[in-house]
Structures are given as C-alpha cells and as structure tokens.
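Just so it is clear, none of the values below were taken in a lab; they were calculated from the coordinates. What you see is a predicted model, and the numbers here were worked out from it, not measured in a lab. Quick reminder, even Gly has a Cβ in these numbers, built from the backbone with ideal geometry, and neighbours come from all protein chains shown.
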Amino acid sequence: MYLQYKATNSEGHIITGTVQAESRDELIASLRKQKLRPLTIVAAKGKGGGKSAGFFSLSVGGGGKGGGKKVKLQDLVVFTRQLSTMISAGVPIVRSLAALKDDSESQRLRDVLGGVTKDVEAGHTLADAFGKYPDVFNEVYINMVRAGEAGGILDEILKRLALQCELDASIRKKIKSAMMYPIVILSVTVIAFFGIMLFIVPKLAAILKDLGGPEAKLPVYTQALIDASSFCTSSSIIQHIPGLAMVPVLNRLPNLIILAGIASIGIVYLLKYIKTPAGKYKFHAVLLKTPVVKTVILKIAIARFSRTFASLMGSGVSVLDALSVTGAAIGNKVIEEELKAAAAQVQAGKPLSEPISQSPHFPPIVAQMLLVGEETGQIDTVLIKIADFYEEEVAVLIDGLAAVIEPVMIIVLGSAVGLIAASVMGPIANMSKVAG
C-alpha cells in the first residue's frame, strides 16, 4: 500500500513524501534508518499519492518537502541531462546528485535532491529514491530509471527522459498558447454578460417603456432580452428553495448570482467526481467522443505511447512491463484499459500488433508499423518514427486550431454585440420616428 508521511530530519526540517510499504511499522523502520523522526503517517490518496502522468508532462510539483511548490519542467530537463552527462563521465551517483543539488536554481528541486542523495547514500537505488517524490518524478520516469539501473544503461535512459520532457514541454507550450486567447475572450464575455444583464438592460427597458408606454409592442428579440434581464435581476429562484428563502441576505440576491453560485458548486463536485476512477474513465470516454478534442487527444496519446514504449523496449524492458508503464503514462483511462487488454493477449501468446489492430482508437498505420517492427526485431526504431510523425501532426493541428479560434471568437462576439445593439437601438429609433 502507499503511505504518506511527515517526518523531521536531524536539522529539524520537516520532510514529507509518499512511499509504497507493506505496513506502517515497515515505513517507520525505514524512516529511522534514514535518521528521520516520523510525525504522521496516513494512507495516500490514490496510488502513489500523486498525480499520474498526463498528456503533456512528465513531472508536476507538490509532494515531498516544500509541498505546494512546483518543479518546473525545464528544471527537470536540465537536471536529467546534466545527471546523464555526469554518469556517462564516470562520476559516482552520490557526487553527481550533490553537485546538481548545489547548482539547481529551483529551491524545491534542491530540497528533493537533498532527500534523494541521503536515500542513495543509505543504500537505496536511484529509482527507489525518486519514488519517494511521486509528484516530481512520476511513474514513467521512475520505471525508466529502474530499467536503466537494471540494464546498466542509466546514462542513455536519462538522455531519453530528457528528450521526452522537452517534447512534452513543447506540446504543452503550444496548447497553452492556443488556449490563451479564447480563455481571455470567454472571461471578458462572461463579465460583460453579468454587467449588461444586471445594470444596463434594466435601465434601457425603463427608457423603452417611457418612450412607448406600457402597451408598446417590442420586437421579439428585444422583449426576450428584457425578459432575460428581468429574470436575472429578480430573486424568484430563492423562493422555491426550501430553507434558503428564510435567509434575508439570500432573498436580496439576484437570480443570476444564485445561478452562478449553483453552477460553481456543481463544477466543484463534478471535478471531484472526475478525480475518482469511475468518473475519470467516463470523462476520458466523453473526450474521445468530442469533435476536434478527440483528434488532438488521440494524436497526443499515440505519440506518447509510441515514444514511451519505444524507450522502454530499447532499454530492455519486457513487453508486458512496458505496456503497463506506458498505459499509465498516456493519461487516458480508456486507452489505458485497451493496453491492459492488449497485454493480456500478448501474455496469451499473440503479437502486440494484433490487439492494437482491433482497437477503435489506434489508427491502422500503428498496427502495421508494429507488425513490421515485430518481424524485423526493431520495434523501438519503428515506434520512434511513429512518435515523430504524430508529434509533428499535433503541432500542425494545434497551430491550425489557434489560427481558426481567433476569427471564430471575433465572429461570435461580434454577433452577440450586434444582436444586443439591434435589440436596444431598433425600438428606440422606431419610437423616435413615431414620436416625430
């Protein structure tokens, strides 16, 4: 089981982490061997107590000493490359870790490397030492390091890990860049909608009534806008909620504020549900059925699968172990379950290309290239080519989406502004003509 601990070291600093242990007693004994004094030990939330690998990163901060601070992906890339270079040059791991700890610009990474160095000095493997900080070194990173230590090719493995970190950082940067504009526009739109409905439309409705009288016939879209504003500014909803109608403060809140609060609570509970295994699976299934989003996710997943699986196979990891680690690294539970089913068929004696060819999410080219790799004994080489191809496809797709999103948002916002202007100015102009 996975246990989360908080302990103090000889200097009095508090250190936290998550490790796998058979019992609390075993963990306490392990901490005391490291000259740590346990303070609290609780069951970790979720396997490893940290975040599983997602689409775009190999590392996220948060666990271990200095919880709440994150290790930037670029800092992890630099550390991984430097560690690979030092190990290749024959520098002992402990000396390498100590030197890199002193040179790191990240305080969080320095704290983590301090703990890792002590663990390695105490006789732990590098992979086990990294495993105590699952929010910094995720499952893929740890398993690849373990494979490198077992195969005697740790320096080569670290080079591949650094490359994966760089590629993930590049994809993440492109996606953030593409999403920045629509997020800003959407935020401005929501704020503007609140302002218009709560403050502007009620005053305009009063002006229209003064000009046309209570019997004036307004255009359908104008009347709809006024009715919507009237509903948003009134407090009729709270009267229908038992218990809340008796609270004076809530009785004065507009419906729009009440609806926004209910929606916020619903979103919070939805996010909590998505974090559960069942909720996460259903959410990922919905993403794989959503137009446009489905295409981006599948291409990223295939690229991630190909590169991670190729790296593990090239490191001498068995197919079954490689499939297990790769499935957890992809970041989509639906595809992860497919890879588990594929691993079962491989264990039964079938080639991997056969179950992959039956998958509704992997394109035929992946199965065909896998078949070629199995026949030639070069699966890792073939899969790296697939990864390169799909990573380029992802880059092109994201650039294309970024180019399309801006004009689409401008058209949508322009249409909304035009509709509001027509709803307000049209009746005023008509009434002015009648008055004239």
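Here are the numbers for this structure:
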| read-out | value |
| --- | --- |
| Residue 301 being in contact with a Phe, Trp or Tyr (Cβ under 6 Å, 6 or more places away or on another chain), closer than 20 Å to residue 168 by Cα and surrounded by 20 or more Cβ atoms within 10 Å (Cβ to Cβ) | no |
| Where a residue in region 401-422 is under 17 Å from residue 182 (Cβ atoms) and its partner, wherever it lies, is not hydroxyl-bearing (Ser, Thr, Tyr) and not in a helix (DSSP H, G or I), with Cβ under 9 Å and at least six apart | 401/292 |
| Helices (runs of 4 or more DSSP H) within region 70-159 that include 2 or more residues charged (D, E, K, R) | 73-88, 93-103, 107-121, 139-151 |
| Pairs, first touching a residue at least 12 places away in the same chain (Cβ under 8 Å) in region 271-290, second surrounded by 15 or more Cβ atoms within 10 Å (Cβ to Cβ) and of a type in the set (Lys, Arg), C-beta under 9 Å, six or more apart | 277/333; 280/333; 281/333; 284/333; 285/333 |
| Region 278-294: number of residues that are surrounded by fewer than 15 Cβ atoms within 10 Å (Cβ to Cβ) and of a type in the set (Ser, Thr, Tyr) | 1 |
| So residue 107, is it more than 30 Å from residue 36 (Cα to Cα) and in contact (Cβ under 8 Å) with a residue 12 or more places away in the chain | no |
| Matching residues, region 264-289, being in a helix (DSSP H, G or I) and among the charged types (D, E, K, R) | 272, 275, 280, 282 |
| Among (1) among the hydroxyl-bearing types (Ser, Thr, Tyr); (2) exposed (fewer than 14 other Cβ atoms within 10 Å of the Cβ); (3) within 19 Å of residue 171 (Cβ to Cβ), the one test that residue 376 misses | (3) |
